[in-house]
Amino acid sequence: MGVRVLLVAVVVLVGLGVALASGALRAGKLKPRQAATVPSLGTAANGVFTGKGVLFDYPPTWHVLPVAGAAEGGTPQGRIVLGTGTGSDRVIVEAFRIAAPINDATKAGVMSQLGSNVDSFASTQHGTVQSPIGTGTLGNLPAFTARAQWPAAGGVKMEGRFYFGYRGYAMYYVSCQRASTAPAAIDAGCDQIVKTFRVS
């Protein structure tokens, strides 16, 4: 079996009372709801993505990849998967509606829950957390960030960079997934998406 990329998973923000379906994280303690189809987040062409108030640049040689499966738990308002089309290296971008804005009063609780979910994901995949949940940016948004690594077939390791950007009642999830043997261009493409990510 080739390198497995998790495209369907669940993250729960306890303080907000909302379940998010993400491309990389699964909280094993949750029972999935009935699966739902996830619509496309927008249009990607010639190195530029636009849709649902989101704009970012990506390497123009990358392609839109098929969305494998449906969402469980909370359903994203949209999803786009981009990559070279070879192997399991890809960037998954999803948008969610959350129950309440993240603020100073809820931020610590959200970080704690996301940290637990990153730990749970890494443990389930027999991997490790490289960088625990912290704060950073996703383009022009404040964000929670984390990194993990987990084994795949043939002795290859998968590396994941996770970004949870937020503004008002919206949350944007970006998951950069690459094999340890992938070319540096995969990381550069992820960096381009993360740095140019804009929400109007």
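The values are calculated or read from the model by the stated rules, or taken from the named source; none is laboratory data. Source: prediction; values computed, not measured. No Cβ is skipped: glycine too gets one built from the backbone with ideal geometry, and neighbour counts run over all protein chains shown.
Scanning the range 169-178 turns up no residue that is surrounded by fewer than 17 Cβ atoms within 10 Å (Cβ to Cβ), under 15 Å from the mean Cα position of the chain (by Cα) and modelled with pLDDT of 90 or more.
In this structure, does residue 9 turn out to be under 15 Å from the mean Cα position of the chain (by Cα) and modelled with pLDDT under 85? Full working, then the answer.
Numbers: under 15 Å from the mean Cα position of the chain (by Cα): yes; modelled with pLDDT under 85: yes.
Yes, satisfied.
In the range 80-124, which residues are basic (Lys, Arg), surrounded by fewer than 22 Cβ atoms within 10 Å (Cβ to Cβ) and either within 17 Å of the chain's Cα centre (by Cα) or closer than 28 Å to residue 179 by Cβ (or both)? Once the filter is applied, which keeps residues that are basic (Lys, Arg), surrounded by fewer than 22 Cβ atoms within 10 Å (Cβ to Cβ) and either within 17 Å of the chain's Cα centre (by Cα) or closer than 28 Å to residue 179 by Cβ (or both), the range 80-124 yields only 97. Residues considered: 124, 128, 135. Of these, the only one that is touching a residue at least 60 places away in the same chain (Cβ under 8 Å), out of contact with any Cys (no Cβ under 8 Å at 6 or more places or on another chain) and among the hydroxyl-bearing types (Ser, Thr, Tyr) is 124.
Looking only at the range 165-198, how many residues end up being within 30 Å of residue 104 (Cβ to Cβ) and touching a residue at least 12 places away in the same chain (Cβ under 8 Å)? Matching residues across the range 165-198 total 19. The number of residues in the range 39-55 being surrounded by 13 or more Cβ atoms within 10 Å (Cβ to Cβ), more than 13 Å from residue 196 (Cβ to Cβ) and in contact with a Gly (Cβ under 7 Å, 6 or more places away or on another chain) comes to 6.
Restricting attention to the range 163-200, which residues are more than 22 Å from residue 40 (Cβ to Cβ) and among the basic types (Lys, Arg)?
From the range 163-200, those more than 22 Å from residue 40 (Cβ to Cβ) are 168, 178-188, 191, 195; that's our starting set.
Those that are more than 22 Å from residue 40 (Cβ to Cβ) and among the basic types (Lys, Arg): 178, 195.
Condition check ((1) within 18 Å of residue 86 (Cβ to Cβ); (2) surrounded by fewer than 20 Cβ atoms within 10 Å (Cβ to Cβ)) across all residues:
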| position | (1), (2) |
| --- | --- |
| 136 | no, yes |
| 141 | no, yes |
| 146 | no, no |
| 167 | no, yes |
| 184 | yes, yes |
| 197 | no, no |
| 200 | no, yes |
